[in-house]
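First the structure, in the form of structure tokens, and then the observations on it.
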Amino acid sequence: MTVQAGSFLDERLPTADAYLLSNIIHDWDDDSAMAILAAIRSAAKTTSRLLLFEFIVPDDAGPFDASDIDVWMLALVGGRERRLAEYRDLLDRAGWSLLRSIPTESQTILEAATA
């Protein structure tokens, strides 16, 4: 594995087999999140995979594990936690296809392929 530093908003990203973003997309508003995902997609190969590690807001209106983080994201950086359908929409608009979501004890892993 090779780790490469860079800015997904200012630089062309390297081509890779897989891209892993852990707790990144929730930091951003929808337009910026979509721009990040689109920048990764433009660098990705047709066989590349994208793995997002994020909290998923449940579809019901009740409390969830990351409710406090949702408030922090909004107040501090303008981001937010999202529902699975909202991640699917962002990925679709950026040229990715959500393959599956894998819940873990704390977060969910979203696996996407190039569309």
- Message: I'm trying to understand the selection: among the residues of region 20-54, which are in contact with a Ser or Thr (Cβ under 7 Å, 6 or more places away or on another chain) and surrounded by 12 or more Cβ atoms within 10 Å (Cβ to Cβ)?
- Response: 41, 43, 44, 48, 53, 54
- Report the residue count in region 1-46 for those that are assigned to a loop (DSSP other than H, G, I, E, B) and of a type in the set (Ser, Thr, Tyr). 4
- Query: Applying the selection to region 51-86, what residues are hydrophobic (A, V, I, L, M, F, W, C) and modelled with pLDDT of 80 or more?
  - Reply: 51, 52, 53, 55, 56, 57, 84, 85
- Of residues in region 95-115 being polar (S, T, N, Q) and free of Cβ contacts under 8 Å to residues at least 40 places away in the same chain, the one nearest to residue 85 (Cα to Cα): 97
- Report the residue count in region 1-41 for those that are touching a Lys or Arg at 6+ places or on another chain (Cβ under 8 Å) and of a type in the set (S, T, N, Q). 1
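The values are calculated or read from the model by the stated rules, or taken from the named source; none is laboratory data. Predicted model, so just to flag it, every value in this text is computed and none were measured. As a convention, Cβ positions derive from the backbone with ideal geometry for all residues, glycine included, and neighbour counts pool all protein chains shown.
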